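Everything on this sheet refers to the single structure shown next.
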4 protein chains.
Amino acid sequence: MKAVTFHGERDVRVERVEDPRIQHPADVIIRVTTGAICGSDLHLYHNAIPGLLPGHIIGHEYVGVVEEVGSQVTAFRKGERVVGAFHVACGRCRMCRREAYNQCEHGGVLGYGIAFGDLAGTQAEYARIPFADTTLRRVPDGLTDEQALFSGDILTTAYGAVANSGLQPGETVAVIGCGPVGIMAVQSALAMGASKVFAVDLVRERTDLAEKLGAVPVPSGEVNPSSRILNGTDGEGVDVVIEAVGGSPTLKLAFELVRGGGRISAVGVTAEDTFAYPLMNSLTKDVTFRIGLANIHRDMDATLALVRGGRIDPTVVVSHRLPLSQAAEGYRLFDKREASKVILDGSL
Amino acid sequence: MKAVTFHGERDVRVERVEDPRIQHPADVIIRVTTGAICGSDLHLYHNAIPGLLPGHIIGHEYVGVVEEVGSQVTAFRKGERVVGAFHVACGRCRMCRREAYNQCEHGGVLGYGIAFGDLAGTQAEYARIPFADTTLRRVPDGLTDEQALFSGDILTTAYGAVANSGLQPGETVAVIGCGPVGIMAVQSALAMGASKVFAVDLVRERTDLAEKLGAVPVPSGEVNPSSRILNGTDGEGVDVVIEAVGGSPTLKLAFELVRGGGRISAVGVTAEDTFAYPLMNSLTKDVTFRIGLANIHRDMDATLALVRGGRIDPTVVVSHRLPLSQAAEGYRLFDKREASKVILDGSL
Amino acid sequence: MKAVTFHGERDVRVERVEDPRIQHPADVIIRVTTGAICGSDLHLYHNAIPGLLPGHIIGHEYVGVVEEVGSQVTAFRKGERVVGAFHVACGRCRMCRREAYNQCEHGGVLGYGIAFGDLAGTQAEYARIPFADTTLRRVPDGLTDEQALFSGDILTTAYGAVANSGLQPGETVAVIGCGPVGIMAVQSALAMGASKVFAVDLVRERTDLAEKLGAVPVPSGEVNPSSRILNGTDGEGVDVVIEAVGGSPTLKLAFELVRGGGRISAVGVTAEDTFAYPLMNSLTKDVTFRIGLANIHRDMDATLALVRGGRIDPTVVVSHRLPLSQAAEGYRLFDKREASKVILDGSL
Amino acid sequence: MKAVTFHGERDVRVERVEDPRIQHPADVIIRVTTGAICGSDLHLYHNAIPGLLPGHIIGHEYVGVVEEVGSQVTAFRKGERVVGAFHVACGRCRMCRREAYNQCEHGGVLGYGIAFGDLAGTQAEYARIPFADTTLRRVPDGLTDEQALFSGDILTTAYGAVANSGLQPGETVAVIGCGPVGIMAVQSALAMGASKVFAVDLVRERTDLAEKLGAVPVPSGEVNPSSRILNGTDGEGVDVVIEAVGGSPTLKLAFELVRGGGRISAVGVTAEDTFAYPLMNSLTKDVTFRIGLANIHRDMDATLALVRGGRIDPTVVVSHRLPLSQAAEGYRLFDKREASKVILDGSL
C-alpha cells in the first residue's frame, strides 16, 4: 500500500510499504478513507520526537472502514465505518477502569515512534488499530468522514480540556490560542454552557473565525488581553482559562486572566521542562491548574453526539483537502502556516 | 398606588391600595418597572389557592428600581435596577446554607396569600421585597427589563429543572410541554450542552417556536411521541426528560420516553395528590425522578449570565405588552390562551 | 460436577450435572471456592421467578479460581483468584460505555432462569462466567474469599444505593431495613462520609448489629422511627434515606423521614407494580427518588478497596458456613430466618 | 479587657486594651471562652507578616458567647455559643454567592494586621466579629468548646483540602506533613471515604498519632516515602496527595507520590514566590494541582456535623491547655515545638 513515512527533518514521503496485518487478536485493520495532519505531527516533521526512525508511517487522525477484525474483537465487523482515538487504550487495566484512558498501562500513540509504543500511523491506505474495541467508535449515521474525524483527536482534546476545567453553565471562559484546537475549545465551551468565551490570538484571522462561532475576539496584537478581559468580566477575570498554545508566556497570561477561585486547563504542548508556577499568588487566589494530554476515549461519544446534533461544527478549521499522494505538500503548507488544517482524502 | 388585586374567580382588578412600606429591616421597597403574568397566577385566577383573600395584591414576576432600603440591607442602594425571585429566602437558615432556598425556614411566595407567607404581590406600582439581600439581583449592564425579568421566575425554573436532572454535555433531552416554561427548558438544555432536544406539545405553534430555537419538534397531536423519540435516539429513549405540564398522563409519558438509567425532572404543577409510580419497571430501568418547585436563588446568577451572553433569549415567549391598568384584560387573554405571555409594563 | 439446582417451591437439591464449558470466546470457567445464598435467591426458592425451569443451577454470589479462559479474554489467566458481579455486562455497548452496566444490552443475571438470560448459576463446583473481562475482578492480595465475596453482590448493591443518593460528607442517613444489604448500607454510608446513620428495623438484633458498626439504632418495634429521627436531626429529617426492604409501607416511611430537598435511594425489591407517589408533597419538598437494581461493575473496585483498607467489614453478616453439599439446609435456615447469611464453602 | 498583643519578633504580651465595640451593624461582639494558637500565628511571632503593627491583638481560633449584636445581624442572639471562621466574608458579593468565601471582595483575616483588613484578633477576653451572620456558626448541642473550635480554622482547612481534591470513596491518599493540619487531613480523608491514607512526616510521634487514627505511617526519616507508597499502592502511587508543609521539597515529593491522572491539593504555606512546576512530566501524567487558602464558610457545617457524629476528633492534636494570661508561654512552647497545639482557655 501507499503510506506517508518519515525520513528526517521536513522530509516526509509517500511511498510503497507493506500492508498492515493483524498482529494481536484485539487488532482491527481499517481502510483509511479520510485523514488529516495534526499540529502535533509538526513535531515529527521538525524531527523533535526521539525514537522516530526513518521509514516509520506517521499520522493519527483517521476515519475508515473496517477490513479485518482480530479474533478478540467483539464490537466491530467488516464494512463498518469507524473513527478512532489517536492514542490506544486496552480498556482493561486499572487506569482504563477509572476512565483514565490516557494513562493506560498498555497505551501508545499511533505513528509516533518507539517511545510511544512503536505503532504505525494512519496516513496510509490501510492501518492497524490495536485494542480496537476500546479505541474505535462507529461513525454515527448522517455524519460525513470530516465531521466525525476530529472526535478522534483535536475536537475531543479541546472538549476534554473544557470538561477538565469543571466548567459550570453561565461561567466565562478565555481560550488562549485559536489554532484548530483553540477554535474547537471555543465551540466546546459554548456548547457546554459558557455564557461568554474570549478568544485570544495574535492572528486576526483566527480571532475572526472565533468571533463568527460566537466568541468575543481578543486579537492580542491589537489589544491587551488582560485589560480587555478584565473589562469584559466586570473586573473579575474569567472563571476558566483554556491554554492551547504551550509554554511559559501563555501560561503566565493564563494566571493573569483567571479570577480568584478559577481554573486553568492547559493542553498546549511545550518543550519546556518546568514552569515558574506563581505559588504565593495562587495560594491567595486559590487557583486550580491542570495540564494533561487528551483522554479521548472518555469523551469521544459526547463529541460525536454534539457534532451529530449540530451543536459543534469541527469542519470549520479545514483549509485544504489533498489526496494522500500529496501529503508532503500538505505538511509543507501546514508547516509554513499557509494551511490551517489539511485533510488527506483517501478517495482522491 | 395602583395594584392588581384578587376578588374571586376570574375577578382581578386594578385599584388604589396603600403604598407598601418597610416592615422588617431586611426589606426593600422597589418601584416596579416591568412585570408579567405567570402561568401559576392562573391558579389564583381560578380561585384554586386556599387562603387567598379578596383584596390581596397578586403577581410575582418583577423588575424594578430600589426606592427604599431597610436598615439590615447591605447589598442594594436606592436607584439600582433589580430583578428578584418569586419566592423569598432568608439566606441564613440551615436550608439556605445548603443552597436549598426553596426550603427556606422563613420562606414565602409573593402574592400568593396566607398559606404562602401572606406577602403582597408585585403587580403594582411599588412592592415590598423581604430578605432583599438574598432575593434580589442587580440587573446586569446591558440587559433590558424584559430580558432580566424571567430570571426571577420561569427561566430559572426551567433552567433549574434541567440542572436538577444532572444533564451531561452530549446527552439528549425531551421537554414535555412547550408553554413558556417548556420553551425556556428547551433553551436551557441547549445552552447547557444537550446534543438534541425533543420538544413535545399538542399545540403546533409551540413546537414550531421550539424548532426555531433549535429543538426537534414533536407535535404530539400529529405524531406518536414515543415512536418519534425512540426513533430519534437510535431506539434508546432520551437521557433526560423535563416534564413541564403536570399530572399523571404526562408523567406516564415521561417514563416511556426516558432510557434505562435516565432521569426525569418534573416542574409541572398538578392538583393530583399521588401518582401511580411505575415501581417494578423503574427498579429494572434504574430511573431517577425528581419533582420540586424552583430554587431560584441558586441559579439566578447563571441564567442572568446566559441571557447577558446571548445564549438564551427569554423574551421569545412574550406575546402581549399591556400597561398595568389593563391587567384584567391581560389575565383574560392569558386564561383563554389567546396570549402566550403577558408583560405588564409599568411605564405604559 | 455437583451443583445446587432448582426443582420447585422450597425444593433445591445438590445433584450431579454436566461440567460447564466455554460457550463463547469471552467466557471464563472458574472453580468456585466460596459462594453464598443471597436474599434474592429466596425469590427463586419461593418459585416466584417466571421462566425458572426445574434443573436450573442457581446462585450468583461467588469467589473462585480461573480454570479456563476463552480466546477473547484478555484480563485473566488460569489460576487467578477472582470475584465477580451477579449480573454480567458486555462492556462494549452504549449502556456499558456510559457505565450503566445494569442496563447492558447483552446483560443477564447468573442463575435466574430464562427471563434473565438463561445463565447457569454459581452454587456449583464450577461455573461459566460470560463477559469475564468486564464481569470479574482479581481478588486483591490479602483478602480472604469471604471478604471479597460480597463486592460482587450485596455490598456493592448497598454501596451503590448510597452512591446514587449523592451523599455528601457530613450528611445524615437513615437506612430502612437492616438485613444484610441494610447492614452494608450502614457501613457504606459511614465509610463515604455520613456524620450520622440511623438504622431502622423491627428486629432488635439487626439494629444492635448496626449500632455496633457505628449507627444510631432505631428499633421500629419499640420507638416511632419518624419521631426518633426528627429528634435526632434537630427536627429536620435526614438528608438521605436508603430503602432496603421493598414495598409501599417502607417507601412511605422513606418520604416521612427525608428532609426537604433530600434524596431517597431504594434498592428493596417488591412485587408491587406501582406505588402511590406523594406527588403534591414532593413538589413542595423537592425530593429526589431513585429505585434501581445494582450497578455492580461501576462500583466493585471501590468496595474492594474499602474492604482491603479495613474501612468496611462485610463478613459481619455471616451467620452460617456450610459445605456446598448442605446447600438445601442452608436455604431452609435462611428462609426461616434462622440464618442471617449462609456461606457455601467449596473447600468443606 | 486583657488581650494578646504583638510587639515584635518573639514578643507577644498579655496586656490591658480597650474593649471591642460594634463598629458596623453586621458585627457581633463575643466573649471568647476558648481559643488556640494556630501554626500560622507563628508567622506573626517571627515578625514575618508585613503590616502587623505593635499592639495589634492577634489570634483567630475562637469559640465564644455572643455578648452584643449589631443591628443588621439576624442569625444570632446574645447568649448563644458560637464558633467562627478565621477569615471573614460578607456573604453578598459575587465571590460569596459562588461560595468562594476565601475570595470575598470585603474579606479579611482576624488578627493579621493591616494587609489583611486590619481586624483585631481573638486571643482576648472579647472580640469583634465582622459579617457575623456569615462568619459564625452556633456550636451544635453536645459539643464542647474544644470540639467545635477547630471547625473555624485548621480542621476545615484540612477538610477543604481533601474536598478540593475531589476525593472519591475507595481512593488512596498521602498526607505530607502531620502537624495539626496534616493530622486533621488524615481524619478528614478517612471520614470522606479514603480506603487508605499514608501519613508522611519526619517526626515519628506525628506518624504514630496518624497511625492511631487509622493511617499507614510513613516516617520519612526512616523509610523512603516514594518506595513505601508505591509499594503500598501496587506500584501506582496514590490518587490524591494533600501537601500540608509548604515549599518546593514537599511539593516535589507530592508530584512523585501521585499516580497518573491524580490530584495534588496543597495547603502548606510558604514564602517561596514560585515553584518549578514539572510541566513536561505533568503533561504526560495528567495531574491536577490546586493550592489555596481555606474556604472555611463553605465547609464549616460539614466539619461540625462530622465532629458531632463522632467521625472526627479534632482534639487529639491538643498538647497544652493554658489560661489566656500565659499566652506568651504558649507561643514559646509552640515555637520550640515543645507543644503540638496550645489551647488558650478563657475560663482558667
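The values are calculated or read from the model by the stated rules, or taken from the named source; none is laboratory data. Source: prediction; values computed, not measured. Cβ atoms come from the backbone with ideal geometry, glycine included; neighbour counts cover every protein chain shown. Just so you know, the surface numbers come from the protein's heavy atoms only, side chains and all, with ligands and any DNA or RNA stripped out. Shrake-Rupley method; radii C 1.70, N 1.55, O 1.52, S 1.80 Å.
In the range A:290-309, what residues are open to solvent by 20 Å² or more (accessible area, probe 1.4 Å) and facing chain D (nearest Cβ under 9 Å)?
A:290, A:293
For residues that are in contact with a Leu (Cβ under 7 Å, 6 or more places away or on another chain) and open to solvent by 10 Å² or more (accessible area, probe 1.4 Å), tally how many sit in the range B:39-75.
Number satisfying all stated conditions: 1.
Only one of these is modelled with pLDDT of 95 or more, farther than 29 Å from residue B:251 by Cα and buried (at least 19 other Cβ atoms within 10 Å of the Cβ): C:287, C:218. Name it.
Exactly one residue qualifies, and that residue is C:218.
Within the range C:226-239, track down each residue that is buried (at least 20 other Cβ atoms within 10 Å of the Cβ), in a helix (DSSP H, G or I) and touching a helix residue (DSSP H, G or I) at 6+ places or on another chain (Cβ under 8 Å).
Correct list: C:229 only.
So which residues in the range C:60-89 are closer than 26 Å to residue C:6 by Cβ, away from chain B (no Cβ under 14 Å) and not in a strand (DSSP E or B), if there are any at all?
C:60, C:85, C:86
Of all residues being among the hydroxyl-bearing types (Ser, Thr, Tyr) and assigned to a helix (DSSP H, G or I) in the range A:313-336, which is most open to solvent (accessible area, probe 1.4 Å)? Just the residue, please.
Only one residue tops the list, namely A:325.
Residue C:338: within 28 Å of residue C:45 (Cα to Cα) and free of Cβ contacts under 8 Å to residues at least 60 places away in the same chain, yes or no?
yes
Residue by residue through the range A:203-217, note down the ones that are in contact with a Gly (Cβ under 9 Å, 6 or more places away or on another chain), more than 10 Å from residue A:178 (Cα to Cα) and hydrophobic (A, V, I, L, M, F, W, C).
Correct list: A:216 only.
Being touching a residue at least 24 places away in the same chain (Cβ under 8 Å) and open to solvent by 30 Å² or more (accessible area, probe 1.4 Å) is the filter here; which residues of the range C:76-89 pass it?
Once the filter is applied, which keeps residues that are touching a residue at least 24 places away in the same chain (Cβ under 8 Å) and open to solvent by 30 Å² or more (accessible area, probe 1.4 Å), the range C:76-89 yields C:80, C:81.
What is the one condition in (1) open to solvent by 10 Å² or more (accessible area, probe 1.4 Å); (2) out of contact with any strand residue (DSSP E or B) (no Cβ under 6 Å at 6 or more places or on another chain) that residue D:32 does not satisfy?
Against the list (1) open to solvent by 10 Å² or more (accessible area, probe 1.4 Å); (2) out of contact with any strand residue (DSSP E or B) (no Cβ under 6 Å at 6 or more places or on another chain), residue D:32 comes up short only on (2).
Give the residue, chosen from C:247, C:235, that is over 30 Å from residue D:232 (Cα atoms), at pLDDT below 95 and either out of contact with any Leu (no Cβ under 8 Å at 6 or more places or on another chain) or not assigned by TED's automatic domain parsing to the domain that holds residue C:340 (or both).
Step by step, each of C:247, C:235 is checked, and only C:247 is over 30 Å from residue D:232 (Cα atoms), at pLDDT below 95 and either out of contact with any Leu (no Cβ under 8 Å at 6 or more places or on another chain) or not assigned by TED's automatic domain parsing to the domain that holds residue C:340 (or both).
Go through (1) over 26 Å from residue D:63 (Cβ atoms); (2) among the charged types (D, E, K, R); (3) assigned to a helix (DSSP H, G or I) and name the single condition residue D:222 misses.
(3)
Taking the stated definitions as given, is residue A:271 in contact (Cβ under 8 Å) with a residue 60 or more places away in the chain, in contact with a Phe, Trp or Tyr (Cβ under 9 Å, 6 or more places away or on another chain), within 14 Å of chain D (Cβ to nearest Cβ) and in a loop (DSSP other than H, G, I, E, B)?
no
Select from the range C:90-115 the residues that are open to solvent by less than 10 Å² (accessible area, probe 1.4 Å) and either of a type in the set (Phe, Trp, Tyr) or away from every other protein chain (no Cβ under 13 Å) (or both) and list them in ascending order.
C:110, C:111, C:113
The rows are residues; the columns are (1) part of a strand (DSSP E or B); (2) open to solvent by 10 Å² or more (accessible area, probe 1.4 Å); (3) at the interface with another protein chain (Cβ under 8 Å from one of its Cβ atoms); (4) among the small types (Gly, Ala, Ser).
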residue	(1), (2), (3), (4)
C:241	yes, no, no, no
C:249	no, yes, no, no
C:282	no, no, yes, yes
C:311	no, yes, yes, no
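State whether the residues of the range D:191-199 include one that is part of a helix (DSSP H, G or I), within 13 Å of another protein chain (Cβ to nearest Cβ) and of a type in the set (D, E, K, R).
Within the range D:191-199, none of the residues are part of a helix (DSSP H, G or I), within 13 Å of another protein chain (Cβ to nearest Cβ) and of a type in the set (D, E, K, R).
Looking at B:257, B:279 in this structure, which one is without any contact (Cβ under 8 Å) to a residue 60 or more places away in the chain and not β-branched (Val, Ile, Thr)?
None of the other options fit; the residue is B:279.
Could you tell me how many of the residues in the range C:116-169 are among the small types (Gly, Ala, Ser), open to solvent by 10 Å² or more (accessible area, probe 1.4 Å) and assigned to a loop (DSSP other than H, G, I, E, B)?
Count: 4.
On the given criteria, is residue C:17 surrounded by 15 or more Cβ atoms within 10 Å (Cβ to Cβ), over 24 Å from residue C:345 (Cβ atoms) and out of contact with any Pro (no Cβ under 8 Å at 6 or more places or on another chain)?
No.
Would you confirm whether or not the range D:47-55 contains a residue that is under 15 Å from residue D:346 (Cα atoms) and either at pLDDT 95 or above or more than 23 Å from the chain's Cα centre (by Cα) (or both)?
no
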